[in-house]
1. Among the candidates B:E339, B:E248, B:E348, which residue alone is of a type in the set (D, E), in a helix (DSSP H, G or I), farther than 30 Å from A:I144 by Cα and without any contact (Cβ under 8 Å) to a residue 12 or more places away in the chain?
2. Go through the stretch A:113-134 residue by residue and tally those that are surrounded by 13 or more Cβ atoms within 10 Å (Cβ to Cβ) and in contact with a Leu (Cβ under 8 Å, 6 or more places away or on another chain).
3. Could you please let me know if A:F260 is surrounded by fewer than 24 Cβ atoms within 10 Å (Cβ to Cβ), touching a Ser or Thr at 6+ places or on another chain (Cβ under 9 Å) and at pLDDT 95 or above?
4. Name every residue in the stretch A:27-55 that is among the aliphatic types (A, V, I, L, M), at the interface with chain B (Cβ under 9 Å from one of its Cβ atoms) and outside any helix (DSSP H, G or I), in order of residue number.
5. Checking the condition touching a Gly at 6+ places or on another chain (Cβ under 7 Å), in contact (Cβ under 8 Å) with a residue 12 or more places away in the chain and surrounded by fewer than 22 Cβ atoms within 10 Å (Cβ to Cβ), which residue from A:G249, A:G277, A:G269, A:G199 passes?
6. Taking the stretch B:320-360, which residues are charged (D, E, K, R), more than 12 Å from chain A (Cβ to nearest Cβ) and more than 27 Å from A:L112 (Cβ to Cβ)?
7. Might you let me know whether the stretch A:56-65 holds any residue that is loosely packed, with under 15 Cβ neighbours inside 10 Å, more than 27 Å from the chain's Cα centre (by Cα) and in a helix (DSSP H, G or I)?
Amino acid sequence: MNIWTILTHIVDFFVLGFSVSLTICYLFLSCVSFFAIRKYMRRRSLYRVNDIISSPMAPSVSLIAPAYNEGMTIVENIRSMLSLEYNNYDVIVVNDGSKDDTLEKVIKAFDLIQVPLHVNAKVSTQEIVSVYKSQNRSFKKLTIVNKVNGGKADALNAGINVSSSRLVACIDVDCVLENDALQRMVKPFMEDSSVIASGGVVRIANSCEIEHGKLINVNLPKNMLARFQVLEYLRAFLLSRMAWARLNGLLLISGAFGLFDRKLILKAGGYSTDTVGEDMELVVRMRSMMTRAGKKFRVTMIPDPLCWTEAPSTNKVFEKQRNRWARGTYEVLQKHTYLFFNSKYKITGLFGYPFWFFFEWMAPLLEFCGAVYFIFLLFTGSVSWTYFLSLLVMFYCFSIFISSFTLYAEEISFYKYKGVKDQLRLLAAALLEPFIYHPRVVWASVKGNIDILKGVKSWGEMTRSGFSSKTKVAELKKVTTISN
Amino acid sequence: MISRLQFLEDQDPKMIFIFGVTVVLTGLIIFFLSLIIISKISRTRDRRLKRKYWPYIKEHLAMIAIQSVVNEGVKYDYRRSLRFLMQIRNRSRKIAQWVLDEIMKQKANLTGEANKTMLKVYRDLNLKTYSLRKLKSFNSNTVARGIYELESMEQRDVFSKFYKFLGSKNTDLRMAARLGLTSLAPNPLSFLDHLKEELSEWEQMSIYNRLRSKHKDQLPDFSKFYYHEQPSAVAFCVEMTVRFNYFELIPQLIELLKTTKNRSMVIDALKELEAFQALPYVKRLIHKSNNPQTIISCLNFLAHIGDESCRSIFETFIEHKNFEVRMAAVGMAAKLNIEFESSSEELESMLLHHQNELIS
């Protein structure tokens with residue numbers, strides 16, 4: 001047996017071992033997630049979540065939304081945030097040094113004046129230039145913070161400093177929240193005093209009908225790339241995160257919508273400004289802090305679709321987003337290497353961190369290496385086609401299994417895509433995904449890792465095409481009529 | 001079958017393994033796809049059934065409600081509608097549950113005579129037996145659902161059946177039993193005698209919502225639980241004292257202030273009740289306490305109830321190391337119109353903050 005054969009055998013067994021552990025992990029997560037969703041759905045009928053709307057005992061919540069160059073949609077987005085069904089909340093929009101007319105538009109639309117709000121900067125941020133409140137009592141919940149540009153994390157920190165509520169909901173300003181989003185998110189905090197953070201399921205809003213910042217009709221995206229992402233988001237939230245939350249090992253709460261205990265965020269030092277994965281970094285840091293302090297804690301997840309966001313629909317934007325996610329994952333993992341198989345940190349150290357390391361960060365790199373290795377074998381003419389095809393079929397079956405479980409989880413839970421046609425389209429997307437979509441994800445991730453080596457730190461611009469809105473269509477018609 | 005798998009004998013173990021995993025995964029795919037199809041079929045069947053019966057259920061219940069208010073031709077319409085609902089109810093358990101759900105929904109939305117009529121329909125359709133049967137289930141969620149139904153339909157004679165569930169291992173069932181007892185038992189907080197665990201905020205809110213619908217005579221004596229072993233139960237009862245404006249319990253609250261560990265909670269309650277009697281105690285306490293939260297509560301209390309004589313207190317705490325304490329001290333000064341010369345930029349800024357109407 002020469003070295004070459006030994007090497008091939010080692011690679012073979014490594015690939016096989018890796019794929020087996022991946023399969024076992026996902027099978028286990030699927031089981032956990034299934035029982036978690038079923039339990040949640042059963043419990044759901046026993047509670048009257050609406051009780052909280054008018055209750056004076058509802059905990060106070062600050063909705064913090066950083067805005068940067070959002071002039072086009074900011075007014076409508078704020079109106080949407082102000083109309084949520086919850087009794088005790090305020091909205092803090094942080095204008096992060098926008099270069100466009102974001103601030104002017106908001107001042108005009110909501111009749112704002114500057115106020116001498118005294119801010120205790122518990123977390124250091126870029127300078128807060130001014131704070132505005134509305135003179136109109138209808139908008140008394142609204143506070144606008146105008147600050148020097150410092151990035152999303154810095155803006156969120158400024159908002160947290162300004163807030164005096166017990167809980168803070170950190171959201172993307174362009175997200176569409178369901179009316180009862182806060183009621184549902186607050187519930188875990190009220191049920192269990194050890195809950196330190198809670199995440200909501202984020203869904204794709206492309207092709208959905210949105211009117212005045214409210215979701216009117218749920219549609220499956222017409223764009224194929226966005227449709228693949230629907231499936232991917234369902235998988236990430238309903239399967240993976242639900243299971244991790246059940247096991248109390250959740251490391252990531254999406255930056256699009258998450259609710260946190262304000263005092264604990266401040267104690268942990270707020271969002272980190274030196275990473276592009278600030279949402280995950282904060283959760284990991286809070287978890288480590290609580291474990292070190294020897295306190296009982298929980299990070300929960302609500303399977304209800306509470307937040308709708310626009311997914312990238314062009315390859316360029318999609319690649320930028322995934323590149324950033326890959327860099328963010330690496331930065332967080334690198335920052336918290338002490339967690340790796342560290343039994344002191346219990347499930348975070350023994351399972352959560354290694355899972356992210358092997359299956360979220362390393363898996364795409366290994367896949368890429370596998371592809372390069374295959375091409376090499378192809379050139380040397382040493383491909384074992386039977387083995388290769390068998391592996392390919394196994395991975396394909398694995399992918400379809402995960403997707404079919406996700407579709408079933410969606411079917412028994414919230415059932416947002418009602419038509420049979422939509423279900424068939426999703427199934428078709430699941431069948432095509434491993435060939436069309438997955439390679440793109442892997443490639444973007446590899447590029448992200450190359451960018452890490454290059455030292456790239458930027459967010460990259462995220463251009464959005466906007467929601468399909470009745471209002472927008474009406475406005476467009478009006479403009480056309482006038483110009484005619 | 002075995003002979004068909006003979007071809008695997010000569011294969012590499014890796015190949016056999018891959019084959020095995022692929023077969024398992026394929027089986028799982030088929031299983032989940034079948035489940036999706038079954039779920040779809042059952043949903044479509046339900047939808048069809050609902051489309052068939054739902055309008056009638058709604059229509060007859062609405063008719064009964066209207067007739068009870070109009071009070072003409074009640075007997076005839078009531079009997080006819082009841083007969084119809086009974087026929088529907090007997091078709092299947094699922095439909096009976098729909099009828100029950102709709103009655104509960106209608107009852108929650110109606111008041112006065114119409115509300116009472118819904119109770120009558122519930123009784124006449126013998127749905128109570130249906131709810132009671134759920135209490136015997138082995139599934140905790142089903143039992144909790146049964147309690148919820150009986151509670152919503154105000155079946156006061158069955159409340160004693162809920163006590164046995166107070167010790168259940170299932171959190172939801174324990175909570176359902178407590179809420180059921182709050183609504184139906186003559187002594188709404190009787191379950192507190194058995195309480196060993198923390199009363200969650202959610203539960204506190206739900207209990208408060210149920211107590212709100214009661215007449216003041218039916219409300220319990222909250223001071224009875226001021227010395228409960230569970231701090232959450234004490235906190236809840238203090239909160240309820242404020243929410244229901246029990247001014248007569250101020251002496252007991254002042255007494256509690258001397259012994260409890262959570263002083264800030266009691267001071268906040270005294271502030272809400274505008275308890276002038278507590279002023280000397282609070283003035284004394286603020287100098288003794290090292291806990292910033294207690295000091296803040298005292299300062300807020302004094303801002304609400306105090307007078308010019310609190311100037312010395314303000315001067316003591318204006319230089320406190322804790323930001324929130326300093327902020328509360330300036331807030332008190334602003335509220336009581338205590339004039340002072342702001343020695344620092346921070347004080348000036350805090351004062352402007354408190355004086356601004358839009359912020360405060």
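The values are calculated or read from the model by the stated rules, or taken from the named source; none is laboratory data. None of these values were measured; they are calculated from a predicted model. Positions of Cβ are generated from backbone atoms using ideal geometry, with glycine treated the same way; all protein chains shown enter the neighbour counts.
1. B:E248
2. Of the residues in that region, 9 qualify.
3. no
4. Start the filter on the stretch A:27-55 by keeping residues that are among the aliphatic types (A, V, I, L, M), which leaves A:27, A:29, A:32, A:36-37, A:41, A:46, A:49, A:52-53.
Then drop every residue that is not at the interface with chain B (Cβ under 9 Å from one of its Cβ atoms), which leaves A:27, A:46, A:52.
Correct list: A:L46 only.
5. Exactly one residue qualifies, and that residue is A:G249.
6. To start, the set of residues in the stretch B:320-360 that are charged (D, E, K, R) comprises B:321, B:324, B:326, B:335, B:339, B:341, B:345-346, B:348, B:357.
Filter once more, so that each one left must be more than 12 Å from chain A (Cβ to nearest Cβ): B:321, B:335, B:339, B:341.
Result: B:K321, B:E339, B:E341.
7. No: zero hits.
Yes/no per residue for (1) within 22 Å of the chain's Cα centre (by Cα); (2) more than 21 Å from B:S213 (Cα to Cα); (3) of a type in the set (A, V, I, L, M, F, W, C):
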| site | (1), (2), (3) |
| --- | --- |
| B:L82 | no, yes, yes |
| B:I95 | no, yes, yes |
| B:W98 | no, yes, yes |
| B:G112 | no, no, no |
| B:K116 | no, no, no |
| B:K120 | no, no, no |
| B:R123 | no, yes, no |
| B:S137 | no, yes, no |
| B:T142 | yes, yes, no |
